[in-house]
Amino acid sequence: MPANLTPQYREAEERYREAGSHEEKMVALREMMALLPKHKGTEKLQADIRRRMARLEEEAEHGARGGARRVDPGHVRREGAGQWALIGPPNAGKSALLGALTHAHPEVAPYPFTTHAPQPGMMPFEDVQVQLVDTPAVTAAHTESYMSNLVRNADGVLVVLDPVADDLEHGLADCLTLIERARVWPSGRPLPPDASPLLVVSPVYVVLNKADLDGDGTFAALARESVGDGLPVFRVSAEHGHGLEELRGRLFRDLDRIRIYAKEPGKKPDYARPFVLRSGATVHDLALQVHKDIAANLRFARIWGHARFDGQQVDRDHVLADRDVVELHACAARGRRGTPRRGRGGIPHAGGRGGTSALRP
Ligand SMILES: Nc1nc2c(ncn2[C@@H]2O[C@H](COP(=O)(O)OP(=O)(O)OP(=O)(O)O)[C@@H](O)[C@H]2O)c(=O)[nH]1
Ligand SMILES: [Mg+2]
């Protein structure tokens, strides 16, 4: 079957060929995947792109095979339910916010340009964890070259500002320029009909930090006017805790993920380690995350939660809802002598896919 590749796909492929850095290659591969028509004729190509992405990911972590360890300063391995990039002008409190929301201990100091490299931290929320990445300051004079890819690769962007600072408007403008350069379109703004297919639509929020220094919210009100429409604004104090709980909830919910608790027949659900899937995921998507053999041999599932009744039998295309409990039933795989082996019916406990594509918290 012909692949019918579009000119935009060819352009992304060209960018991949010309990419100098690891991150540029990764961005180009993601674009190729997004632009690739999804049908039978492109299945091999899809698998090939996925393989190349996995290899790049592996190299970023452990260095090219047989070669020297190759560290990409802008690469942060994705972990947990999703990744938010914290960007902003110097001294706004990005590191203080990372420290307040996660178990990380970044350096926080009363002078600019304290943070020199991206630093991740895991934010607990209910029974999952969301990854936040603190980054070096963004200014018109200097922004690390990898920032654009870091912003594009994240699932969401937090622009952290100090509303009491004199140059709030410049700080905001510099961050918006970076977001535009990264070809990220804020999900709160309507996408123009002639938008480039290469744009990535992600939530972009403005966090007005240091609310404790702005008691009656006068500065925050002025800042909101500068921010304009389509960018939700949160008022917090990283150091005093104000507004952090609301932000924490939004940082998970707005990733548009669902949590699924797997159970084996006759046993209790595993509430400790939910599988995290994209909203709209089906029983088959869950099975793929649990184990490819289970996905291949899936017969049906039983659902507790948003089903019509507890233990309802559903097929592979059933769309799951947040906090469903699911029991997967796979049929017997054929043994060597042609006799069907007994299917396991249940779910191997630690069967979540490894690597970056798994959304296991
Ligand atoms: N009053 C108050 N001060 C804060 C708050 N959050 C951070 N700060 C202070 O602001 C200063 C800068 O904080 P950082 O977290 O280092 O800021 P940053 O944005 O990471 O700065 P760079 O790494 O230099 O870009 C420090 O003196 C913090 O103590 C807050 O909520 N309230
Ligand atoms: Mg910092």
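Observations on the structure shown:
- Test: residue in the range 137-155 that is crowded, with 21+ Cβ neighbours inside 10 Å, in a loop (DSSP other than H, G, I, E, B) and of a type in the set (S, T, N, Q): no
- Scanning the range 4-44 for residues that are over 20 Å from Arg77 (Cα atoms), in contact (Cβ under 8 Å) with a residue 24 or more places away in the chain and either surrounded by 18 or more Cβ atoms within 10 Å (Cβ to Cβ) or of a type in the set (D, E, K, R) (or both) returns Tyr9, Ala12, Leu35, Leu36, Lys40, Thr42.
- Residue within the range 174-194 that is part of a loop (DSSP other than H, G, I, E, B) and open to solvent by less than 10 Å² (accessible area, probe 1.4 Å) present: yes
- Residue list for the range 319-330, restricted to those being crowded, with 19+ Cβ neighbours inside 10 Å and part of a loop (DSSP other than H, G, I, E, B): Leu320
- Filtered residues of the range 123-171 (kept if among the acidic types (Asp, Glu), within 14 Å of ligand 2 (Cβ to nearest atom) and farther than 22 Å from Ala223 by Cβ): Glu144
- Inclusion of Val201 among residues that are within 30 Å of Ala34 (Cα to Cα) and open to solvent by less than 10 Å² (accessible area, probe 1.4 Å) is not warranted.
- Test: Pro106 is assigned to a loop (DSSP other than H, G, I, E, B), within 10 Å of ligand 1 (Cβ to nearest atom) and in contact with a Ser or Thr (Cβ under 8 Å, 6 or more places away or on another chain): yes
- Search result, residues across the range 297-314 that are modelled with pLDDT of 90 or more and of a type in the set (A, V, I, L, M, F, W, C): Leu298, Phe300, Ala301, Ile303, Trp304, Val314
- Residues that are more than 10 Å from ligand 2 (Cβ to nearest atom) and in contact with a Leu (Cβ under 9 Å, 6 or more places away or on another chain) within the range 87-103 comprise Ile87, Pro89, Ala100, Leu101, Thr102, listed in sequence order.
- Every pair of residues 6+ apart whose Cβ atoms lie under 7 Å, when the first sits in the range 96-118 and is closer than 21 Å to His75 by Cα while the second is more than 9 Å from ligand 2 (Cβ to nearest atom) and open to solvent by 100 Å² or more (accessible area, probe 1.4 Å): Gly99/His105
- Subset of the range 81-95 (residues that are of a type in the set (S, T, N, Q) and either surrounded by fewer than 24 Cβ atoms within 10 Å (Cβ to Cβ) or touching a residue at least 40 places away in the same chain (Cβ under 8 Å) (or both)): Gln83, Asn91
- Options Pro118, Pro106; residue that is under 30 Å from Glu13 (Cβ atoms), surrounded by 13 or more Cβ atoms within 10 Å (Cβ to Cβ), at pLDDT 95 or above and within 13 Å of ligand 2 (Cβ to nearest atom): Pro118
- Residue that is nearest to ligand 1 (Cβ to nearest atom), among those in the range 121-136 that are part of a loop (DSSP other than H, G, I, E, B) and surrounded by fewer than 20 Cβ atoms within 10 Å (Cβ to Cβ): Glu126
The values are calculated or read from the model by the stated rules, or taken from the named source; none is laboratory data. What you are looking at is a predicted structure, and each value in this text was computed from that prediction instead of being measured. We place every Cβ from the backbone using ideal geometry, glycine too, and count neighbours over all the protein chains shown. With ligands, DNA and RNA removed, areas are computed over all heavy atoms of the protein, side chains included. Shrake-Rupley method; radii C 1.70, N 1.55, O 1.52, S 1.80 Å.
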